[in-house]
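**Student:** Sharing a structure below in structure tokens format, with a few things to ask.
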Amino acid sequence: MKTIISGKVWKFGHNIDTDAMAPWKTLNAGWEERSSSVLHIRPGFIDQVGSGDIIVAGRNWGCGSSREQAAENMKLLGIGAVVAESFGRIYFRNSVAIALPSIACTGVYDAFGEGDEMEINLNTSRVFNLTRGIELKGEPYTPDMLKIIEKGGLMNVLKERMSEHQGG
Amino acid sequence: MNMTMAEKVMARASGQAQAKAGQYVTAKPDRMMVHEAFAACAWILKSMGIKELYDPNRVVVMLDHYFPAPSVSMADVHIMIRQAVEEFGIKHFLGYSGICHQVMCESGHVIPGRLILGTDSHTTSYGAFGAAGTGIGQTEMSYVLATGEIWMMVPYTIRFHLTGGPVPGIMGKDIILQIAGDYGTEAAQYRSIEFYGPVADRMCLSDRQTMSNMGVEIGAKFSFFEADEKAVAYVRKRTDEPVDAFGPDEGAAYEATHIVDITDMEPQVAFPHNPGNVKPISSTGNVPVAQAYLGSCTNGRLEDIAVAAHILKGRKVHPKTRMLIAPASKEVILEATKCGYTRDLMEAGAHILPAGCGACPGGHMGLLGGGEACISSTNRNFRGRMGSENAHVYLGSPATVAASAITGRLTDPREFWNETTV
């Protein structure tokens, strides 16, 4: 995975919960049905969002359930990264496990307007507003987390680990 | 070094003498609890050619979110899960016993001082018995099932000193709702909670389970009470493994201590669509409810049903309201029946549903239609959580649910019930 990510920003508010990202009734459905209700709290979003776009959110993005589909749906929508004031804990772990870049960054909500261009350096968690010329420092990933993301997710780490065991 | 409960558990689980808040460790959990997410885990592991789990004896598999099967496709998923349970040699299959968190406690898998990971956010419930329970997703669970370990941060700890009272008509649910309202739904984000003080000491285990359960609604990773004599006695009856009292070291370092005085507390209700949108019952206004729902891992225990039965005995559920009771486990239904509670509740007009998650996460057995309001003893009232996106879920204690079922609108339970539980 690339460690420099850039894209156009969409803004969401505080406390956007997992049920809004992945409603129960769609958890086991195919992507076509699932996609129709992702972030249904903002009608029309899924038709407007483009591949590689970035979500900027307020506090507690992904609060609630352990359902991995919440983070997975962002990835399937083509979201390149989510940068929020803070994240629900399990959502954050899930996003690391499936290699969806998620950066907690104080001040990001006010520093970006919808449509601004953002650039993120995953190695340093520095976040740039290219439109307004603002630079922010997000919370850095630990080396372990960064390794999981760079390898494209925890399952790839597991695959390597298993083949090492078999090889050794 | 004097350690918090979280630090002590994480030190042991990572094979170290000490662990310090903020440190990252590789932890080996003592138990892995997997509900229907096991279907996804089994699929992931099999697709990678993994045929053996790290330690199948640490794994407990449940069926609760979709039990009894609401559709043919879920019945087929259950078949796949049972097959995978056999293939992986998992002995602890408790698929037909009730909601995972209640059953984990009833069946002796929750032991003070242990680390338990579950594919469910409300795994924090185990903190009621001094165990470090926390939720993870299915990919991470698959990794843990295969390797027996996972990266974790040793969390910082905040304390809630529960004092004051006793107060009639209040339950543990009211206290945790008031905390969510006063301190916000991020009060314990990424953190471990320790509830302590005189109210915590005298609180029944069921109310502790409610509060530990909803710790995750204020962001908590773990949500502890000290494992005292009461907790130890409960667990010892249910396991042959050694069980000891467990608490923090004296002088452990806390990030913050909040004092919660319940002396003047009223019953609390969380308004749509967030568990932190809390009001005291006296300022809720006239809110008619189409459904009163008593159940879930939060408040579906014998003590909860007993309170509802006391309130509803000899009274009737309002004709414009339906009351659904989904006990947390088969054991709870059996005990409630022996005590005569199910009869009292049914004579009042309530429906007794099978033990399971039911309508709480929006699965089945009591979903809400557009525009309907529900007073619910569950844990979340996110938009669309229990059915229609246009429904309104109000969270309250079992007592508030029962009282509201009688009048057909949000009602102060103290109109019908004046007993003291906390």
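The values are calculated or read from the model by the stated rules, or taken from the named source; none is laboratory data. All values reported here derive from a predicted model rather than from experimental measurement. Cβ atoms come from the backbone with ideal geometry, glycine included; neighbour counts cover every protein chain shown. Areas reflect the complete protein model, heavy atoms only, side chains present, ligands, DNA and RNA absent. Shrake-Rupley method; radii C 1.70, N 1.55, O 1.52, S 1.80 Å.
**Student:** Hey, among B:233, B:227, which residue is surrounded by fewer than 24 Cβ atoms within 10 Å (Cβ to Cβ), at pLDDT 95 or above and assigned by TED's automatic domain parsing to the domain that holds residue B:109?
**Tutor:** Matching residue, one of B:233, B:227: B:233.
**Student:** Turning to a different aspect of this structure: Identify the single condition in (1) within 15 Å of the chain's Cα centre (by Cα); (2) surrounded by fewer than 24 Cβ atoms within 10 Å (Cβ to Cβ); (3) among the aromatic types (Phe, Trp, Tyr) that residue B:151 does not satisfy, given that it satisfies every other one.
**Tutor:** Here residue B:151 meets the rest and fails (1).
**Student:** Then there's this: Considering only region A:6-14, I want to know if a residue exists there that is basic (Lys, Arg) and either within 27 Å of residue B:123 (Cα to Cα) or within 11 Å of chain B (Cβ to nearest Cβ) (or both).
**Tutor:** Keep residues of region A:6-14 that are basic (Lys, Arg), which gives A:8, A:11.
After this cut, where a residue has to be either within 27 Å of residue B:123 (Cα to Cα) or within 11 Å of chain B (Cβ to nearest Cβ) (or both) as well, the list is none.
No, there is no match, as no residue in region A:6-14 is basic (Lys, Arg) and either within 27 Å of residue B:123 (Cα to Cα) or within 11 Å of chain B (Cβ to nearest Cβ) (or both).
**Student:** Does region B:360-373 include one or more residues that are surrounded by 21 or more Cβ atoms within 10 Å (Cβ to Cβ), free of Cβ contacts under 8 Å to residues at least 60 places away in the same chain, touching a helix residue (DSSP H, G or I) at 6+ places or on another chain (Cβ under 6 Å) and assigned to a loop (DSSP other than H, G, I, E, B)?
**Tutor:** Looking for residues that are surrounded by 21 or more Cβ atoms within 10 Å (Cβ to Cβ), free of Cβ contacts under 8 Å to residues at least 60 places away in the same chain, touching a helix residue (DSSP H, G or I) at 6+ places or on another chain (Cβ under 6 Å) and assigned to a loop (DSSP other than H, G, I, E, B), one finds at least one in region B:360-373, hence yes.
**Student:** Further question on the same structure: Check region A:153-160 and report whether any residue there is small (Gly, Ala, Ser), in a helix (DSSP H, G or I) and either within 30 Å of residue B:43 (Cβ to Cβ) or within 14 Å of chain B (Cβ to nearest Cβ) (or both).
**Tutor:** No, the conditions are met nowhere in region A:153-160.
**Student:** Considering only region B:114-141, state which residues are more than 14 Å from chain A (Cβ to nearest Cβ) and open to solvent by 10 Å² or more (accessible area, probe 1.4 Å).
**Tutor:** Residue satisfying the conditions is B:114 alone.
**Student:** Let me confirm something: among A:148, A:120, A:98, A:134, which residue is within 13 Å of the chain's Cα centre (by Cα) and over 30 Å from residue B:378 (Cα atoms)?
**Tutor:** After applying the criteria, what remains is A:120.
**Student:** Given B:252, B:188, which one is in contact with a Ser or Thr (Cβ under 7 Å, 6 or more places away or on another chain) and either away from every other protein chain (no Cβ under 14 Å) or within 22 Å of residue B:296 (Cβ to Cβ) (or both)? Before the answer, list the steps.
**Tutor:** Values: B:188 fails: in contact with a Ser or Thr (Cβ under 7 Å, 6 or more places away or on another chain).
None of the other options fit; the residue is B:252.
Matching residues to (1) under 22 Å from the mean Cα position of the chain (by Cα); (2) farther than 19 Å from residue B:213 by Cβ; (3) not hydrophobic (A, V, I, L, M, F, W, C):
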position	(1), (2), (3)
B:274	yes, no, yes
B:279	yes, yes, yes
B:287	no, yes, no
B:298	yes, no, yes
B:302	yes, no, no
B:313	no, yes, yes
B:324	yes, yes, no
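**Student:** Determine the pairs where a residue that is assigned by TED's automatic domain parsing to the domain that holds residue B:396 and over 18 Å from residue B:268 (Cβ atoms), located within region B:283-295, has a partner that is of a type in the set (Ser, Thr, Tyr) and open to solvent by 10 Å² or more (accessible area, probe 1.4 Å) with Cβ atoms under 9 Å apart, the partner being 6 or more residues away or on another chain.
**Tutor:** From residues that are assigned by TED's automatic domain parsing to the domain that holds residue B:396 and over 18 Å from residue B:268 (Cβ atoms), the pairs are B:288/B:321; B:290/B:321; B:291/B:321.
**Student:** Related question: Every residue in region B:167-177 that is within 16 Å of residue B:208 (Cβ to Cβ) and either open to solvent by 10 Å² or more (accessible area, probe 1.4 Å) or charged (D, E, K, R) (or both), please.
**Tutor:** Result: B:173, B:174.
**Student:** For region B:246-342, give me every one of the strands (runs of 3 or more DSSP E) that falls completely inside it and has 1 or more residues that are of a type in the set (Ser, Thr, Tyr) and surrounded by fewer than 17 Cβ atoms within 10 Å (Cβ to Cβ).
**Tutor:** By residue number, B:256-261.
**Student:** Given the criterion away from chain A (no Cβ under 14 Å) and not basic (Lys, Arg), identify the matching residue among B:103, B:154, B:144.
**Tutor:** B:103
**Student:** If you don't mind, there's one more thing I want to ask. Please go through region B:409-422 and give me each residue that is modelled with pLDDT of 95 or more and crowded, with 17+ Cβ neighbours inside 10 Å, ordered by number.
**Tutor:** Passing the criteria: B:409, B:410, B:411, B:412, B:413, B:414, B:416.
**Student:** Output the residues belonging to region B:378-405 that are open to solvent by 30 Å² or more (accessible area, probe 1.4 Å) and in contact with a helix residue (DSSP H, G or I) (Cβ under 7 Å, 6 or more places away or on another chain).
**Tutor:** B:383
**Student:** Suppose we keep only residues that are at the interface with chain B (Cβ under 9 Å from one of its Cβ atoms) and open to solvent by 50 Å² or more (accessible area, probe 1.4 Å) within region A:20-71. Which one would you say is farthest from residue B:362 (Cα to Cα)?
**Tutor:** Across region A:20-71, the extreme among qualifying residues is A:59.
**Student:** Is there any pair with a first residue in region B:67-89 that is more than 14 Å from every other protein chain (Cβ to nearest Cβ) and a second that is β-branched (Val, Ile, Thr) whose Cβ atoms are under 6 Å apart and which are 6 or more apart or on different chains, and what are they?
**Tutor:** Here the result reads B:85/B:61, each pair linking region B:67-89 to a residue that is β-branched (Val, Ile, Thr).
**Student:** If you go through region B:22-46, how many residues are more than 17 Å from residue B:143 (Cβ to Cβ) and within 25 Å of the chain's Cα centre (by Cα)?
**Tutor:** Filtering region B:22-46 for residues more than 17 Å from residue B:143 (Cβ to Cβ) gives B:22-23, B:35-36.
Add one more test, that the residue is within 25 Å of the chain's Cα centre (by Cα), and what stays is B:35-36.
Adding up the residues that qualify gives 2.
**Student:** Report yes if residue B:46 is touching a residue at least 12 places away in the same chain (Cβ under 8 Å), open to solvent by 20 Å² or more (accessible area, probe 1.4 Å) and in a helix (DSSP H, G or I), otherwise no.
**Tutor:** Working: touching a residue at least 12 places away in the same chain (Cβ under 8 Å): yes; open to solvent by 20 Å² or more (accessible area, probe 1.4 Å): yes; in a helix (DSSP H, G or I): yes.
The answer is yes for residue B:46.
**Student:** Yes or no: residue B:367 within 14 Å of chain A (Cβ to nearest Cβ) and closer than 21 Å to residue B:177 by Cα?
**Tutor:** So residue B:367 does not fit the description; no.
**Student:** Next question. Is one or more of the residues making up region A:117-139 surrounded by fewer than 19 Cβ atoms within 10 Å (Cβ to Cβ), within 12 Å of chain B (Cβ to nearest Cβ) and at pLDDT 95 or above?
**Tutor:** yes
**Student:** Which ones in region B:109-129 are under 14 Å from the mean Cα position of the chain (by Cα), within 16 Å of residue B:13 (Cα to Cα) and part of a loop (DSSP other than H, G, I, E, B)?
**Tutor:** B:110, the sole residue that qualifies.
**Student:** Right, another one. For residue B:63, work out the one condition from (1) away from chain A (no Cβ under 14 Å); (2) open to solvent by less than 40 Å² (accessible area, probe 1.4 Å); (3) in contact with a strand residue (DSSP E or B) (Cβ under 8 Å, 6 or more places away or on another chain) it doesn't fulfil.
**Tutor:** With (1) away from chain A (no Cβ under 14 Å); (2) open to solvent by less than 40 Å² (accessible area, probe 1.4 Å); (3) in contact with a strand residue (DSSP E or B) (Cβ under 8 Å, 6 or more places away or on another chain) applied to residue B:63, the lone miss is (3).
**Student:** For region A:80-96, what are the residues that are under 19 Å from residue A:8 (Cα atoms) and either facing chain B (nearest Cβ under 8 Å) or open to solvent by 10 Å² or more (accessible area, probe 1.4 Å) (or both)?
**Tutor:** Selection gives A:80, A:85.
**Student:** Moving on. Give region B:92-108 a look and list any residue that's in a helix (DSSP H, G or I) and either assigned by TED's automatic domain parsing to the domain that holds residue B:328 or surrounded by 23 or more Cβ atoms within 10 Å (Cβ to Cβ) (or both), or say none.
**Tutor:** B:100, B:101, B:102, B:103, B:104, B:105
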